[in-house]
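Questions regarding the structure given below will be posed in turn.
Just so it is clear, none of the values below were taken in a lab; they were calculated from the coordinates. Owing to the predicted nature of the structure, the values given are computational and were not obtained by experimental measurement. Quick reminder, even Gly has a Cβ in these numbers, built from the backbone with ideal geometry, and neighbours come from all protein chains shown.
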Amino acid sequence: MATGSDAGAASDTEAMADSLHGDLGLGRAIEGLLFVADRALSAAEIAGVTGASEPEVRTALSELTEHYRTRGIILLEHRNAFRLVSAPDLADYCRRLLGLDQRRHPSSAALETLGIVAYRGEATRAEIERVRGVDSDSALATLLSRNLIREAGRLDAPGRPAVFTTTDTFLAYFGLTSLDDLPDLDLALAPDNPAGRPPNV
């Protein structure tokens, strides 16, 4: 049975949802949320805050993506979460403002490692090294320190190996708006997989 406070909260949410379809506009509300958020937000989270449905939120996000396509900031999607970031072609200006060393580019080993993680979606150190044929500890450390990859969890397997995945910083660095923008590539992996992990090419 709903309490008075529950009914009041539901009424507030309905009123907010109604207002979003009026002068305020759902797109503007999403824009404000993404601006103040300190992390990427999923469509479900945005829907929960605004009272709009997820399909309505995704439609508004698509419209915002088009709106920002030629502006100084873009709407970036990474693993079904969204955030506002500076446009990739402005990276040199941003690095200059932040005092970052523009000469520090990832090594070829780091780029090879990053490519494996990006195209697989997730990969362990052992899987990466089977593809590359060499130790990848240094490359992984470099990518982690630059926030191009992150640890996404650990496998339920002997040694509980870490699983790495790309970040939204990776997308921004390479001028992508989502992983769907990656060019097609047939990444052949060695047939043996660690226990507890299915192939994911």
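Dipole of region 15-87, Cα-centred, from +1 at each Lys and Arg C-beta and -1 at each Asp and Glu C-beta, to the nearest 20 debye? Display every interim value, and only then the final one.
Details: 7 positive and 10 negative charges, 65 e Å.
Taking the Cα centre of region 15-87 as origin, the dipole is about 320 debye.
Now for a different question. Go through region 59-73 residue by residue and turn each phi into a ³J(HN,Hα) via Karplus (6.51, -1.76, 1.60, θ = phi - 60°); whole Hz please, and just put x for glycine and proline.
Values per residue, Gly and Pro as x: 5, 5, 5, 4, 5, 5, 4, 5, 4, 8, 4, 10, 9, x, 10 Hz.
Now for a different question. Just to compare against my own numbers: the Cα pair-distance distribution for region 15-87, 5 Å bins, whole % per bin, please.
For region 15-87, the pair-distance distribution reads 3, 17, 31, 27, 14, 7, 1, 0.
Note down the relative contact order for region 101-181 as a percent, whole number, built from C-alpha pairs under 8 angstrom at least six residues apart.
Details: 92 pairs, mean separation 23.6, N = 81.
For region 101-181, the relative contact order is 29 percent.
What order do you get for Ser53, Ser136 when you list them from fewest to most C-beta neighbours inside 10 Å? All intermediate terms of the calculation are to be shown ahead of the outcome.
Values: Ser53 12, Ser136 23.
Ranked by crowding around the Cβ, least crowded first: Ser53, Ser136.
Roughly how big is region 101-181's charge dipole about its Cα centre, with Cβ charges of +1 (Lys, Arg) and -1 (Asp, Glu), in debye to the nearest 20? All intermediate terms of the calculation are to be shown ahead of the outcome.
Working: 10 positive and 12 negative charges, 39 e Å.
Once rounded to the nearest 20, the dipole reads 180 debye.
Which residues' amide hydrogens lie under 5 Å from the amide hydrogen of Ile73, considering only partners 5 or more residues apart or on another chain, with H built in the peptide plane?
Ala87
Taking H as built 1.01 Å from N, whose amide H comes closer than 5 Å to the amide H of Ala37, not counting residues under 5 places away?
Here the answer is none, since no amide H 5 or more places off falls under 5 Å of that of Ala37.
Mind listing the long-range amide H neighbours of Ser42? Cut-off is under 5 Å, sequence gap 5 or more, other chains count too, H placed in the peptide plane at 1.01 Å from N.
Answer set, sorted by chain and number: Phe82.
To continue, here is another question. Could you put Thr59, Thr70, Thr142, Thr166 in order, starting from the residue whose Cβ has the fewest other Cβ atoms within 10 Å?
Numbers: Thr59 14, Thr70 8, Thr142 18, Thr166 26.
Lowest count first: Thr70, Thr59, Thr142, Thr166.
Using Cβ contacts closer than 10 Å as the measure, can you line up Arg83, Arg160 from fewest to most? Working shown, then result.
Numbers: Arg83 20, Arg160 11.
Least crowded to most crowded, the residues run Arg160, Arg83.
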